[in-house]
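> I have a structure I would like to understand better, so I am pasting it below and will then ask my questions one at a time.
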Amino acid sequence: MSNVHASQPLSVILKSNEAEKPTEKRREDWRKAKELEEARKAGTAPAEVDEEGRDINPHIPQYITQVPWYFGTAQPTLKHQRPQPEKQKQFNDVSDWYKKGVQATVATKFRKGACENCGAMTHNRKDCLERPRKIGARYTGEEIAPDEYIQSQLDFDFDGKRDRWNGYNPDEHKKVVDEFDKTEAAKRHLKAQKLEDDLLKGEVADAETAKVLLEADDEEEEKYADNIDMPGTKLDSKERITVRNLRIREDVAKYLRNLDPNSAHYDPKTRSMRDNPYAHLNKDDTE
């Protein structure tokens, strides 16, 4: 049977009026309960509902649905099979982290219960790490040390302990962006100054030509693989791949330019050939 049995504590049974006349289930009552259980399993009868209004699966065995007497409930429920809130371990939130750069408060006079040596309230004289003074702050009332900020003990769960970005401030990335913008502005200023010098030397025809060359250089730096057609590039609109970092697949690999085994050494582990394969021909390896 999979009916939910809500047993009551003995003290409740003794205090009830029905304790004097205990009622026993007759054979007819057991038969009706069995038929109701079979109907619930078949889906022809509505399932039992717990105190929160959720249906109880009739296929759950009786040893799971039967409520212990010490649980103290008189209606169908499965709460005794669920995690109890008072027994669950509480963890800190993922966004919690230790405070940094806390400004400590400095007192102007000695306080009762503070360290007799430095005057801080967060430790006593025995635990003081400051150099022992000839006359402590308790008697002088001067140069009282600030109170240390005691960090709270954080207890994280499985995900919180392995969060590599925990404690990271996203505003720190703005410094990187600002530095990049300054670098780009400096590059544009140097290019404009170089074109101005070329214009004064006569290497550039007029100011309009210099402006066109400056804009062309800016467009060349911002050119990506999805805007041009070049052999060996991956034309995918979802991935922006710069062309300057790609090698054209029609290029011959450096280790295939000279197949003589006594030529430049090729390291198969790192797949690199740092020597010139055309050394015996007095040619550069870029030719």
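The values are calculated or read from the model by the stated rules, or taken from the named source; none is laboratory data. Since this is a predicted model, take the numbers as computed values, not measurements. Surface areas here come from the heavy atoms of the whole protein model, side chains and all, with no ligands, DNA or RNA. Shrake-Rupley method; radii C 1.70, N 1.55, O 1.52, S 1.80 Å.
> Can you classify the range 143-202 as rounded, prolate or oblate using the Cα gyration tensor, where a ≥ b ≥ c are the square roots of its eigenvalues, rounded means a/c under 1.5, and otherwise it's prolate if a/b beats b/c and oblate if not?
Cα axes put the range 143-202 in the oblate bin.
> With all protein chains present and a 1.4 Å probe, how do 165, 30, 97 order by accessible area, largest first?
So the residues, ranked largest to smallest area, are 165, 30, 97.
> Here's another thing I want to ask about it. Could you give me the radius of gyration and the Dmax of the range 83-188, taking only the C-alpha atoms into account and expressing both in angstrom?
Radius of gyration, then largest Cα-Cα span, for the range 83-188: 22.5, 65 Å.
> While we're here: List the pairs from 99/182; 161/182; 87/161; 41/79; 32/87; 201/283 whose alpha-carbon separation is above 27 Å, in the order I gave them.
99/182; 161/182; 32/87; 201/283
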